[in-house]
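Worksheet for the structure shown next.
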Amino acid sequence: LRGDRVLLRCDACPSEVWVYLNGQAAGYQRHGSLPFEMDLGDAFRPGQTNELLIAVRDWIAYSPANQERVRNGQPVIFKDGMLDICDYPEFTGLGPTAPLRLEARPAVSVDDVAIVTSVRQKQLTLVYRLLNTAPCAQTATLSTRILAAGRPVKTLRAQTVSLPAGSNQVITLEQSWKHPRYWSPADPHVYVLETTLTTPA
């Protein structure tokens, strides 16, 4: 597992989470019942044994009053003094309740994408956020296609962008679409968005 960035991806780990890798603090997450990821930085050792420690706290993460009771050796009072919403997964167990995995990513990557469709304007809008974690500026080309049953039906114009070191940049792509095939219960047709991000070798 080698790459410019190695991330820990967790689908769920209620409700307050601290992660340590090889003795170094790697990250902290609250509301761990939703998927999250952490950049492990330089603590990850490719090709070697790595020690991953995960510390979790249950629903009292949202109750300072109960945290004080625990410190004083007193029994907790269910849901007393809650400062945030606490959903049911926090009560059913501790620790990872869904798969954990490591992912290697290049320094330049797609950090997020929003797909906006307009039937009235007959237009497709894609809003990308590109991320550059490298210590120097990078140039990247963003190419996008829309597929139906594995075959391309729309190709948006490629864009080349310059990303300063340690930055993110939002790129918006727009494409008119006169006659798309709409989804319906009788015709549950779906399209697939294919994105390619390339950097000079």
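The values are calculated or read from the model by the stated rules, or taken from the named source; none is laboratory data. Remember, it's a predicted structure, so these values are computed and weren't measured experimentally. Backbone-built Cβ (ideal geometry, glycine too); neighbour counts: all protein chains shown. Ligands, DNA and RNA are stripped out before the accessible areas are found, and what is left, the full protein with its side chains, is counted by its heavy atoms. Shrake-Rupley method; radii C 1.70, N 1.55, O 1.52, S 1.80 Å.
Scanning segment 91-135 for residues that are among the β-branched types (Val, Ile, Thr) and within 28 Å of residue 177 (Cβ to Cβ) yields 110, 113, 115, 116, 117, 119, 125, 127. Of all the numbered requirements in (1) part of a strand (DSSP E or B); (2) of a type in the set (Gly, Ala, Ser); (3) open to solvent by 70 Å² or more (accessible area, probe 1.4 Å), residue 114 misses one, and that requirement is (3). The condition of being in a strand (DSSP E or B), touching an Asp or Glu at 6+ places or on another chain (Cβ under 9 Å) and among the aliphatic types (A, V, I, L, M) does not hold for residue 98. I'm trying to understand the selection: among the residues of segment 53-75, which are under 20 Å from residue 11 (Cα atoms) and open to solvent by less than 70 Å² (accessible area, probe 1.4 Å)? If the condition is that a residue be under 20 Å from residue 11 (Cα atoms) and open to solvent by less than 70 Å² (accessible area, probe 1.4 Å), then 54, 55, 56, 57, 58, 59, 61 are the ones that fit. Taken as a whole, the structure places residue 20 among residues that are on the phi < 0 side of the Ramachandran plot, at pLDDT 85 or above, part of a strand (DSSP E or B) and surrounded by 13 or more Cβ atoms within 10 Å (Cβ to Cβ).
Considering the conditions (1) at pLDDT 90 or above; (2) at negative phi; (3) over 16 Å from the mean Cα position of the chain (by Cα); (4) exposed (fewer than 15 other Cβ atoms within 10 Å of the Cβ), residue 78 is excluded by exactly one of them, (1). Condition check: more than 18 Å from the chain's Cα centre (by Cα) and not aromatic (Phe, Trp, Tyr). Does residue 192 satisfy that? Taking the combined requirement at face value, the residue satisfies it. For segment 39-51, a residue qualifies if it is closer than 21 Å to residue 105 by Cβ and open to solvent by 70 Å² or more (accessible area, probe 1.4 Å), and the qualifying residues are 42, 45, 47, 48. Selection of first residues in segment 41-57 that are part of a loop (DSSP other than H, G, I, E, B) and of second residues that are open to solvent by 70 Å² or more (accessible area, probe 1.4 Å) and among the hydroxyl-bearing types (Ser, Thr, Tyr), restricted to Cβ pairs under 9 Å at least 6 apart or on distinct chains, gives the following pairs, ordered by first then second residue: 51/20.
Residues in segment 173-192 that are touching a strand residue (DSSP E or B) at 6+ places or on another chain (Cβ under 6 Å) and under 18 Å from residue 123 (Cβ atoms): 173, 174, 175, 176, 177, 191.
Of all residues being part of a strand (DSSP E or B) and among the polar types (S, T, N, Q) in segment 117-139, which is most open to solvent (accessible area, probe 1.4 Å)? Just the residue, please. Among those that are part of a strand (DSSP E or B) and among the polar types (S, T, N, Q), it is 117.
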